[in-house]
1. Among the residues of region 69-105, count how many are over 30 Å from R23 (Cα atoms), β-branched (V, I, T) and loosely packed, with under 10 Cβ neighbours inside 10 Å.
2. Take A34 and decide whether it is out of contact with any Phe, Trp or Tyr (no Cβ under 6 Å at 6 or more places or on another chain), part of a helix (DSSP H, G or I) and under 30 Å from A103 (Cβ atoms).
3. For R46, all conditions in the list (1) of a type outside the set (F, W, Y); (2) surrounded by 11 or more Cβ atoms within 10 Å (Cβ to Cβ); (3) out of contact with any Gly (no Cβ under 9 Å at 6 or more places or on another chain) hold save one; what is the number of the exception?
4. Against the definition (part of a helix (DSSP H, G or I) and either touching a residue at least 40 places away in the same chain (Cβ under 8 Å) or under 26 Å from the mean Cα position of the chain (by Cα) (or both)), how does R69 come out, yes or no?
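Every number here is computed from the coordinates shown, using simple stated rules; none is lab data. All values derive from a computational prediction rather than experimental measurement. Cβ atoms come from the backbone with ideal geometry, glycine included; neighbour counts cover every protein chain shown.
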Amino acid sequence: MSEQPAPATLAVDDLTATLTAFRQLDAEARRWAAARDELRRVIEARLGEAEAGTVAGRVAVRFSTYTDRRVDASRLRKLAPAALVAECTVETVRRRFSLVDEAAA
């Protein structure tokens, strides 16, 4: 039995209320995220170079420094033989969820 390809589009009229609720909650989440980010900025600014902040003598927040190492893929492609780059390349297929602007739809 061969698998049928997934349809490019699918009518989801039955999800109209769900999509509306999702849009509203998404907008609310963005508002809360902006407020959270501003509060975090204030806390980080107050901590400055300190690794931790205390409240009533107990550690309440940490602002740790760490080192991150990553491979510079662009530089690797320039410096390494193409066969090595191809051998080390991993392809991943993902799906992206995005709401279409109601005005554009």
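1. Narrowing region 69-105 to residues over 30 Å from R23 (Cα atoms): 69-91.
Remaining after also requiring β-branched (V, I, T): 71, 85, 89-90.
Next cut, loosely packed, with under 10 Cβ neighbours inside 10 Å only: 71, 90.
Number satisfying all stated conditions: 2.
2. Numbers: out of contact with any Phe, Trp or Tyr (no Cβ under 6 Å at 6 or more places or on another chain): yes; part of a helix (DSSP H, G or I): yes; under 30 Å from A103 (Cβ atoms): yes.
Taking the combined requirement at face value, the residue satisfies it.
3. Among (1) of a type outside the set (F, W, Y); (2) surrounded by 11 or more Cβ atoms within 10 Å (Cβ to Cβ); (3) out of contact with any Gly (no Cβ under 9 Å at 6 or more places or on another chain), the lone unmet condition for R46 is (3).
4. Details: part of a helix (DSSP H, G or I): no; either touching a residue at least 40 places away in the same chain (Cβ under 8 Å) or under 26 Å from the mean Cα position of the chain (by Cα) (or both): yes.
Criteria not met by R69.
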